[in-house]
Amino acid sequence: MGLVDRGRLPKPLTQLFNMGRSYSLWVYQWGLACCAIEMGAAFGSPRYDVMRLGVIPLPASPRQADLVVISGTVTDKMAPVIKRLYEQMPEPKYVISMGSCANCGGPYWDSYSVTKGIDQIIPVDVYVPGCPPRPEALLEGVVMLQQRIKNEDMGARWRGEGSQSMALVAARQGAAKQMIDGMSAERGGVPVVVDH
Amino acid sequence: MTLLGDRQQLSYIASQAADARVNLELETEGMTLNIGPQHPATHGTLRIIARLDGEQVVWVDPSCGYMHRGYEKLTEVRTYPQVTALVNRIDWLGSFANEVPFILAAEKLMGIEAPLRAQHIRTILFELSRIANVSLFLGDLGVQLGAITPVFMAFRDREYVLNLIEGATGGRFHPNFDRIGGLKDDLPAGWLDETRTVMKKLRRFCDEIEDLLFGNEIFQSRTRGIGVIPRDIALQYGMSGANLRASGVDWDLRRDQSLPMAWDKVDWKVWTHPDGDSFARCWVRLQEVRESTRIVEQLVDTIPAGPVMTKVPRIIKVPEGEAWVCTENPLGEMGYYVVSQGDLGPFRVKIRSASFNNMSITPWLLKGVYVPDIVTILASLYFILGDIDR
Amino acid sequence: MECLLSEGGFPLSLTTDPATATDALRDGVLASVQEALGDMIVDSLVKPGDDIWARVRTESWKEAAARMRGLGFSYFDFLSAIDWLPSPFGRGEDDPTEPAPVRDSTIRRGYTGGDTRLQLLARLVDPTTSIGINLKADVPDDNAHIESWTSVYAGANWHEREAWEMFGITFDGHPDLRHIYLPTDFEGFPLRKDFPLLARIVKPWPGIVDVEPMPGGEQDESAQDGDAQ
C-alpha cells in the first residue's frame, strides 16, 4: 500500500501486521549436521509440535520462506551456497543460527575447513546455543524471534535500519581477512590457506 | 588425458556432450540433473550430478565434502579424552557407537581392559544407539517413497530410546560417556526396568513398520530388484554392515572378531539376504533392530555387579605403538587406526567410516537406473553425511 | 554362539603375556602371504591375537595388491597415508607472541620401519576368516608418485582421491584424480604435518593458562595493585 516504505504506518496497524507476521512464520529448514536431526525432531515430530507456535515448517523453496534455520556445521565449501540461499529469500527475512557450529565453529573452532560462525556470511537474528541444542531450545529461539518481530518497526526495517545489515557483515569479513593477512606476512613462509 | 586435471573444463565438456546427445530410437534427449547439496533425498548435504538420457542415468558424480570438518587433522592436536568428545559427531545418529572403537584402540595400546560390568553397559548403549539410528532410517525410508506417516512413528519411538540414553549418560545426542578404562558413571536406579519396557515398545514399532511399509505393494515394487549389488563387487568396494549382509556375505564384526565387549555372552542371530537389492538392505536393517532389542534385553537380565572403571592414571599417556580396532556400527564397519608416539594425544588417527566406502559404489550402482530410483537406492544404502565426510 | 575364529582369535586379555604368546593362525597367514609375495615384502610383523603388518616395496605396490587379492583378501578396507615428520607446530599450543620453540624433527618410525617421510597404509581383509593385514609402502620424498590400486580394487578410487588431496601423493593410473572433500581452489595438503591449523596460530591456545588466578587471591595482579595504593 506504500505505507510501509514511506514510513507512515500508524502504530496500531504496525502492531497488527507484526502479530500477523510473527504467527505465520514459514520456516525453511537448512539442516546440515547433528542439529538437523534435533531440528527435525522439533519441526517434524509429534512430541514437540512446532505448529502450535504458528510456525509452518513446509516451504519447499527459500523463495517462499520468512525464516531460515541454519542448523549444523557450515564448511567453507558450503558457505557460498548459504549466502545464495539467503539472497533468494524475500524481505522481511530472519535467520536462526542453531548450534555451536553455526554460531562460532563449535568443536571445530580450529579446523581448516569449517567456517567459524555463519554471521561472517549472513546476518543472524537469534543464536541458539548447544551441541546440539535440544528441540525445546530451538522452540525457545523461535519464541524469542516472534517477540522480536512483534516489537519491530516495519518502516525502519524497510529502510535497512534497526537490524544487522549486510554492510556490517562485509565490514567484519574485511577486518578478519586483514588480520589473517597480517599474521601470515609476519610468519613468512608458512602456507596460508584462507577461503572467504 | 590432459583435460582430466581440469575439473571444471571436463565437467563442462561432459555436460555439453550429455545435453547434445539424442537417442534416435527412443527419441530421448540428454540433460544434466543436479541434486543437492541441500535436498531431502540426500540426507543432508550430498550433491549428486547426474547426466541423463531421457529418464535413464548415464553417468553420476556424487560430490561430497560439504560436511568435511577435518577430523583426522583435529585429532592430532587433541588429547585422548578430547578426541572421544570429538568423534561422537562423526555418525551423529549413533553417537555412542563411534566412541567405542576409539576407546578400545587406546585401551589396546595401554594394555588395559574395562571391568566386566562396564563391558556390558557399553554393549547395551552401543545397541541402543544402533536402535536409535536405524529406527530413524526405517521412518525416513517411507518419506523417500512418498509415505509421510512412518517418519512420525520413528520420531515418536526414537524419543523413548533417546530418553534412555539421556538417563544413563546425561547426553541426549552426544553422550561422551565412554572413558579409557571404563565408563564415567554407573547406571541410575530403575534404568534397567525402564529399558525392558522400551524394548517391548521398539519391537512393536518394528512390527508396525513391517506391516505398514514392507508389506506394501508400492514399496515392494519400488525396491525389489532395484540397485542390485553382487557379492564380489560389494567386497571390492569395502561395503560393510547391512549393505554387505544384504548381498549374501555372512560377516558381522560383532560375532567374527573377539573384542572386550559382551556380544559373545548372549544369543542372537546374524541376518543375511541373498538378493542384494534395495529391499534386501532395508529388510536386513529391520531384522537387526529386532536382534538389537533382544541383545539389550538379555544383557539387562545378565548384567554383572562390580565397578565400572578400572585403575588408570589421572593424566592419560598412551605408550608408543599402532593399533587397529573396528566394530560393527549402525552404518557398518567403523574403525580407528591409531598411531601413538607416547604423547598425550595421538600422532595420527585414520578414521575408517562406513558410509565413505558404502557411498563410493554409487557411480557404479546408479549407472543405468531411472531417476526416481536414485532416491530409493540412496535411501537403502543409508549413509550419514558426517560419516562420509568426517 | 558359534564363532568362526574359535581357535585363532583369543581375547585381548591381560592374562596372555604378549612377550611369550604366539598366534598360529596369523603366523600361518603371514607365511602364505610371504610365499605369494616373495621378496616384495621388506619387513613384516605379527602381534599375537592382534594384527599383521607388512611393508612392501614401492615399485611393487600394485602387484602386491593383485597377489593379495588372489590369496583371498577380497575385502578392501581402507587406504590412507601417514606423515611421519614430527609436527613443527607441536600440538598447536604455542603462544603466538613468543618466538617459536625449537622442536626435535627426528623421525620416529612405527611398526615395520620405513625410509621416507610419507608412507602409504592400506588394510585388506579375508572375509572368510576375518583376518586382516595392514600393508605399508614408502612414498619417495622427492617425487610422491605411486601406482594406483583402482584396477585391482575398484573401491580404492575414492580413498586414493582422499590421499591425494590430504597428502599430495599422486597415484599413477588413477582415472579421476581430483578434489573430493575440499573446494577446487584449496591450496596445500592438510594432513601433512607442516600444514598449520591457522585458527590455532592466530589465537593463543586458551590451555596455556593452567589455572586462572582466583579473584582477590595471591596471584591476582589487580588486587595487589589495589593493596599498593
Residue among B:Asp252, B:Asp267 that alone is open to solvent by 10 Å² or more (accessible area, probe 1.4 Å) and either more than 8 Å from chain C (Cβ to nearest Cβ) or at pLDDT 85 or above (or both): B:Asp267
Residue that is open to solvent by 10 Å² or more (accessible area, probe 1.4 Å), within 13 Å of chain A (Cβ to nearest Cβ), closer than 24 Å to C:Glu165 by Cα and not hydroxyl-bearing (Ser, Thr, Tyr), where the choices are B:Arg69, B:Arg89: B:Arg89
Hits in the stretch C:155-197 - residues which are open to solvent by 10 Å² or more (accessible area, probe 1.4 Å), of a type in the set (A, V, I, L, M, F, W, C) and in contact (Cβ under 8 Å) with a residue 24 or more places away in the chain: C:Phe189, C:Leu197
Of all residues in the stretch B:336-390 being in a strand (DSSP E or B) and within 18 Å of B:Trp92 (Cβ to Cβ), the one that is nearest to the other protein chains (Cβ to nearest Cβ): B:Arg352
Test result for B:Asp186, touching a residue at least 40 places away in the same chain (Cβ under 8 Å) and open to solvent by 60 Å² or more (accessible area, probe 1.4 Å): yes
Count of residues meeting criterion [within 13 Å of chain B (Cβ to nearest Cβ) and either touching a residue at least 12 places away in the same chain (Cβ under 8 Å) or touching a Cys at 6+ places or on another chain (Cβ under 9 Å) (or both)] in the stretch A:48-64: 7
Answer residue from the stretch A:137-164, given it is at pLDDT 80 or above and hydrophobic (A, V, I, L, M, F, W, C) and is most open to solvent (accessible area, probe 1.4 Å) among those: A:Met144
Odd one out for B:Pro274 among (1) within 14 Å of chain C (Cβ to nearest Cβ); (2) open to solvent by 10 Å² or more (accessible area, probe 1.4 Å): (1)
A:Leu32 being under 19 Å from the mean Cα position of the chain (by Cα), aliphatic (A, V, I, L, M) and buried (at least 23 other Cβ atoms within 10 Å of the Cβ): yes
Residues satisfying the stated conditions in the stretch C:144-158, i.e. farther than 17 Å from C:Glu59 by Cβ, under 18 Å from the mean Cα position of the chain (by Cα) and more than 8 Å from every other protein chain (Cβ to nearest Cβ): C:Ala156
Which numbered condition B:Ile148 misses (of (1) open to solvent by less than 10 Å² (accessible area, probe 1.4 Å); (2) over 23 Å from B:Phe177 (Cβ atoms)): (1)
Inter-residue pairs, beta-carbon under 6 Å, first over 19 Å from C:Ala24 (Cβ atoms) and part of a helix (DSSP H, G or I) and in the stretch C:34-57, second at pLDDT 85 or above and open to solvent by less than 30 Å² (accessible area, probe 1.4 Å), 6+ apart: C:Leu37/C:Ala64; C:Met40/C:Val56; C:Met40/C:Ser60; C:Met40/C:Ala64
Boolean, B:Pro319 is open to solvent by 10 Å² or more (accessible area, probe 1.4 Å), more than 30 Å from B:Met199 (Cα to Cα) and within 13 Å of another protein chain (Cβ to nearest Cβ): yes
Residues (part of a helix (DSSP H, G or I) and within 8 Å of chain B (Cβ to nearest Cβ)) located in the stretch C:163-194: C:Met166
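The values are calculated or read from the model by the stated rules, or taken from the named source; none is laboratory data. Fair warning: this is a prediction, and the values are worked out from it, not measured in the lab. Counting neighbours? That spans all protein chains shown, and the Cβs are built from the backbone with ideal geometry, glycine included. Side chains are part of the model used for accessible areas, which takes the heavy atoms of the whole protein and leaves out ligands, DNA and RNA. Shrake-Rupley method; radii C 1.70, N 1.55, O 1.52, S 1.80 Å.
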